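What follows is one structure encoded as structure tokens, with my remarks underneath.
The values are calculated or read from the model by the stated rules, or taken from the named source; none is laboratory data. Values in this document were obtained by computation on a predicted structure and should not be read as measured data. Positions of Cβ are generated from backbone atoms using ideal geometry, with glycine treated the same way; all protein chains shown enter the neighbour counts. All accessible areas refer to the heavy atoms of the entire protein, side chains included, with ligands and DNA or RNA removed. Shrake-Rupley method; radii C 1.70, N 1.55, O 1.52, S 1.80 Å.
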Amino acid sequence: AGNYIEWHFEGMDNTDGWTIERRTENFVFSAISHLPADANSYTDSDIAANTCYYYRVMDIYGTIVSADIRILSGKPSIKNSMDCSYDNSTVNVSYNICQNDIVNISLYSITGQYIKGTGVMAKEPGMHNHAFNASTLPSGIYFVKMKTAGSIFKEKLLIVK
């Protein structure tokens with residue numbers, strides 16, 4: 001369990017080792033590990049939940065050889081996610097945003113008819129929730145769609161009253 005990063009740099013086979021640096025929002029990078037030259041991955045197990053970490057890889061001489069790598073809450077990949085549920089006349093949408101992003105969540109009928117949406121919302125990294133009032137919707141199959149600047153998520157939702 002932890003944040004896992006992996007790297008391979010063309011032309012860097014002659015390095016004598018690697019330094020892994022880490023920072024959180026609004027802090028400076030600091031070294032957290034020194035690795036041998038043949039290493040190409042690192043797992044940071046000293047992490048806190050719901051925290052966005054930035055990592056970078058340097059050769060042991062201090063040359064930065066990677067772009068900043070952003071990982072949220074110990075997840076091994078950098079991607080957004082969404083989960084939907086229906087409970088007591090409310091459609092609940094939980095979603096994870098890994099960077100400042102524009103989010104638009106919409107609810108559609110099984111035939112693709114738009115029912116309601118959030119409009120465009122600016123969101124910061126982290127877990128978010130949005131609830132739609134579904135008290136006037138009949139039982140049936142619906143779709144929830146979340147659009148961000150770089151991705152689209154769709155999830156089928158069954159409403160049973």
Check your understanding: Are there any strands (runs of 3 or more DSSP E) wholly within segment 71-128 with 2 or more residues that are modelled with pLDDT of 80 or more, and if so which?
Key -> 90-97, 101-109, 114-117, 121-123
Study note, to complete from the structure: How many residues of segment 1-16 are modelled with pLDDT under 80, open to solvent by less than 90 Å² (accessible area, probe 1.4 Å) and either in contact with a Lys or Arg (Cβ under 6 Å, 6 or more places away or on another chain) or outside any loop (DSSP other than H, G, I, E, B) (or both)? The answer is 1
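Can residue 134 be described as open to solvent by 30 Å² or more (accessible area, probe 1.4 Å) and not basic (Lys, Arg)?
Details: open to solvent by 30 Å² or more (accessible area, probe 1.4 Å): no; not basic (Lys, Arg): yes.
Considered against the rule, which asks whether it is open to solvent by 30 Å² or more (accessible area, probe 1.4 Å) and not basic (Lys, Arg), residue 134 comes out as no.
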Practice item. Please identify the pairs in which a residue from segment 17-46 that is part of a strand (DSSP E or B) and hydrophobic (A, V, I, L, M, F, W, C) has its Cβ atom under 8 Å from the Cβ atom of a residue that is surrounded by fewer than 13 Cβ atoms within 10 Å (Cβ to Cβ) and at pLDDT below 90, counting only partners at least 6 apart or on another chain. Key: 32/46
Point to revise | Residue that is farthest from residue 87 (Cα to Cα), among those in segment 148-161 that are open to solvent by 90 Å² or more (accessible area, probe 1.4 Å) and either of a type in the set (Phe, Trp, Tyr) or assigned to a strand (DSSP E or B) (or both) | key: 152
